[in-house]
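Trainee: Dropping a structure here in structure tokens format, bear with me for questions.
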Amino acid sequence: IYRFALSANGPPAYQGFGRTPGSVINPYSLSEHAGHLRVASTETRFTGSGFQTENHLTVLRSTGTQMPQVGTVSGFAPGEMIRGVRFAGDRGFVVTFRQVDPLFAFDLSDPEQPRIADELKIPGFSSYLMPLGEEYLLTIGRAGDEQRLNGQVAIALFDVRDLENIHQVSEIDPAAGDGTYSYSSAEYDPHAFSYFSDAAQAPVPGILSVPLQVFGSSKPFAGFLVVRVDPGANPPLDELGEIDHRNLILPDF
């Protein structure tokens, strides 16, 4: 990882580099905070019987002329790969996947001693993670059971107030049904994930809007799904409605 200083009036200035094992999946895998760069990466090793994977969270010092490693959590979730990452202050959340979705909560308050505070295993996996303040985590990804993915989108809300005891508050599968396949560009493109809180000073409750396409159903759909997010309500995730765009963009859908 190379570090540059950007000037409004001059050329970029090289300031050093650091190393982490493996590779990262997206920009959310890196986060600079309080003079440190946190990096979540997956390392793949090829062996005579195939390949093996393990994951790392590395903390680099991002001040000065170099970026040395000052702390690391190495080798967690062996055999799985990172699918989603989000850092928020001195907290970090990492999702890995093979058959079920382990959501790891990291305590990064001490850069030299990062640690896994809790691990939650649920079917499927989350690929885009959005912190709602320090209390909740809103995610979108793929639904599934203990054996496999089912080809459908899943939206989930997690309670992360106690980093030592995170838990899922609610999950919805907006395209549930035999033989259906659903897809949302919000799974990999953060610009497709729109969240509007009711009040600027409080992240919840609010409204989530994501694009959704449904195939293989008697009622195919291509448009936007609108979801109410309110941890204090029943249900905490409530489908308010759909905005169907099929007649505008896919007349033969």
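Trainee: Restricting the calculation to Cα positions, tell me the Rg (one decimal) and the Dmax (whole number) of the chain in Å.
Mentor: Cα only, the chain: 19.9, 61 Å (Rg, Dmax).
Trainee: Turning to a different aspect of this structure: Would you please classify the overall shape of the range 143-189 from the alpha carbon gyration tensor, given that a ≥ b ≥ c denote the square roots of the eigenvalues, rounded means a/c under 1.5, and beyond that prolate means a/b larger than b/c while oblate covers the rest? Mind dumping the intermediate values first?
Mentor: Values: a/c = 2.57, a/b = 1.83, b/c = 1.41.
Here the range 143-189 falls in the prolate category.
Trainee: Same structure, new question: Label-point separation (nm) for Phe46 and Ala192, each offset 7 Å from Cα along Cα-to-Cβ?
Mentor: Once both label points are built, they end up 3.2 nm from each other.
Trainee: Another question about this same structure. To the nearest 500 deg cm²/dmol, what mean residue ellipticity at 222 nm is calculated for the chain from DSSP H runs of n ≥ 4 alone, each contributing -39,500 (n - 2.57), summed and divided by the residues?
Mentor: On the way: 1 runs with 4 residues, N = 253.
One gets 0 deg cm²/dmol as the mean residue ellipticity at 222 nm.
Trainee: Semi-axes of the range 72-167's equivalent ellipsoid from the Cα gyration tensor, sqrt of 5 times each eigenvalue, largest first, rounded to whole Å?
Mentor: Values: eigenvalues 96, 48, 20 Å².
Result for the range 72-167: semi-axes of 22, 16, 10 Å.
Trainee: Now a separate question. Can you tell me how the range 46-123 classifies by the Cα gyration tensor, rounded, prolate or oblate, using a/c under 1.5 as the rounded cut? Write down the numbers at each step before the final one.
Mentor: Details: a/c = 2.65, a/b = 1.39, b/c = 1.91.
In terms of gyration-tensor shape, oblate.
Trainee: Here's another thing I want to ask about it. In a Gaussian network model over the chain where Cα atoms closer than 10 Å are linked, find which of Gln201, Gln152, Gln52 has the largest mean-square fluctuation.
Mentor: Gln201
Trainee: Let me check against my output: what whole-number percent is the relative contact order of the chain, with C-alpha pairs under 8 Å and at least 6 apart?
Mentor: On the way: 624 pairs, mean separation 22.8, N = 253.
With pairs under 8 Å counted, the relative contact order is 9 percent.
Trainee: Answer rounded, prolate or oblate for the range 141-253, using the Cα gyration tensor with square roots of eigenvalues a ≥ b ≥ c: rounded when a/c is under 1.5, else prolate when a/b is larger than b/c, else oblate.
Mentor: On the way: a/c = 2.24, a/b = 1.41, b/c = 1.59.
Judged from the Cα gyration tensor, the range 141-253 comes out oblate (a/c at least 1.5, b/c at or above a/b).
Trainee: Right, something else. For the range 9-54, divide the Cα radius of gyration by the Kirkwood radius and give the resulting Rg/Rh value with two decimals. Walk me through the numbers on the way to the answer.
Mentor: Values: Rg = 15.4 Å, Rh = 13.3 Å.
Taking Rg over the Kirkwood Rh, I get 1.15.
Trainee: In what sequence, highest mean first, do 124-134, 72-82 appear when ranked by Cβ atoms within 10 angstrom? Don't skip to the answer; put the middle values down first.
Mentor: On the way: 124-134: 21.2, 72-82: 16.9.
Highest mean packing first, the order is 124-134, 72-82.
Trainee: Leaving out ligands and nucleic acids, note down the accessible area per residue over the chain with a 1.4 angstrom probe, in whole Å².
Mentor: With all protein chains present, the chain gives 51 Å² per residue.
Trainee: Give me P(r) over the range 1-139, computed from all C-alpha to C-alpha distances, binned every 10 Å, as integer percentages.
Mentor: That works out to 12, 40, 32, 13, 3, 0, in percent per bin.
The values are calculated or read from the model by the stated rules, or taken from the named source; none is laboratory data. As the structure is a computational prediction, the values presented were derived from the model and not from experiment. Positions of Cβ are generated from backbone atoms using ideal geometry, with glycine treated the same way; all protein chains shown enter the neighbour counts. All accessible areas refer to the heavy atoms of the entire protein, side chains included, with ligands and DNA or RNA removed. Shrake-Rupley method; radii C 1.70, N 1.55, O 1.52, S 1.80 Å.
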